Amino acid sequence: MIYFVTPDGCDDALVRAALVGGAGMIQIRDKTATDAEMVAQARRLLPLCRDAGVPLIINDRLSVALESGADGLHMGQGDGDPAQARVALGTGVHLGLSIETAAQLAAMPAGAISLIGAGPVHATSTKPDHAAPLGLDGLAHLVAQSAVPAVAIGGVGLPHIPALKQAGCAGIAVVSAIASAPDPETATRELVTAWRYA
Ligand SMILES: Cc1ncc(COP(=O)(O)OP(=O)(O)O)c(N)n1
Ligand SMILES: Cc1ncsc1CCOP(=O)(O)O
Ligand SMILES: [Mg+2]
């Protein structure tokens, strides 16, 4: 599964391209937008995502996820208590959690979490404050220990797909591999095809 995480200031057309290319999950991640802007973007994108059968996830902001009616929330280690967020979201709503170390995984309230974002696998300029890269072996170790499905994130793209699928990942979460591609729809389609046949 290819999970497209948007860059700051993402145009709706870029999300549309990722959906047409076959992305299986979309996350609105925008460190510069106001809450009102994120709610408005989510409300515009929800019908497109619903038509495609693709969950639309909000990064960081529980209030935006609740107000927009999005399909879920992704939280990092510094984004609050995931068990409390689960109570607020209710059951049946997606809740993702970032996992960067084995200790974080051991402390995770697994029953509250639908999916982990494990990484960063490699260093990436998309997230300047990222934790130490895990490398493929570190990532594989986390994935093997996880009670919930994991997507790999951080500096990953087409060349990494066979190894990441082999490591047991449920998919990869990418910003640049789609957003910085000359043709995001084609780039998404290539990632989807590579994942399917890896
Ligand atoms: C799928 C997925 N995995 C990890 C992250 C990173 O979340 P976080 O650690 O909170 O960092 P920011 O994205 O908020 O900078 C993610 N967004 N999505
Ligand atoms: C949001 C996030 N969390 C860990 S690395 C990262 C950025 C991923 O972006 P890219 O796919 O461009 O490396
Ligand atoms: Mg966060």
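Readers should treat all values here as calculations from the given coordinates under stated rules, not as data from a laboratory. Since this is a predicted model, take the numbers as computed values, not measurements. For neighbour counting, all protein chains shown are included, and Cβ atoms are generated from backbone atoms with ideal geometry for every residue, glycine included.
What the table below lists for this structure:
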read-out: Selection count where residues are small (G, A, S), surrounded by 14 or more Cβ atoms within 10 Å (Cβ to Cβ) and within 12 Å of P184 (Cα to Cα), scope the stretch 1-29; value: 5
read-out: Any chance D79 is under 14 Å from V5 (Cα atoms) and acidic (D, E); value: no
read-out: Some residue of the stretch 149-168 being of a type in the set (D, E, K, R), out of contact with any Pro (no Cβ under 8 Å at 6 or more places or on another chain) and more than 27 Å from K31 (Cα to Cα); value: yes
read-out: Test: residue in the stretch 159-176 that is over 30 Å from R86 (Cα atoms) and crowded, with 19+ Cβ neighbours inside 10 Å; value: yes
read-out: Residues located in the stretch 13-43, provided they are under 17 Å from the mean Cα position of the chain (by Cα) and among the charged types (D, E, K, R); value: R16, R29, D30, K31
read-out: Candidates G92, G80 - the one that is more than 17 Å from the chain's Cα centre (by Cα) and loosely packed, with under 12 Cβ neighbours inside 10 Å; value: G92
read-out: Only one of A150, A181, A177, A167 that is within 27 Å of G21 (Cα to Cα), more than 9 Å from ligand 2 (Cβ to nearest atom), of a type in the set (A, V, I, L, M) and under 17 Å from the mean Cα position of the chain (by Cα); value: A150
read-out: Residue in the stretch 181-192 that is part of a loop (DSSP other than H, G, I, E, B) and of a type outside the set (D, E, K, R) present; value: yes
read-out: Answer residue from the stretch 30-53, given it is within 16 Å of ligand 3 (Cβ to nearest atom) and surrounded by fewer than 22 Cβ atoms within 10 Å (Cβ to Cβ) and is farthest from I2 (Cα to Cα) among those; value: D35
read-out: So I99, is it within 16 Å of ligand 2 (Cβ to nearest atom), touching a helix residue (DSSP H, G or I) at 6+ places or on another chain (Cβ under 8 Å) and farther than 22 Å from I161 by Cα; value: no
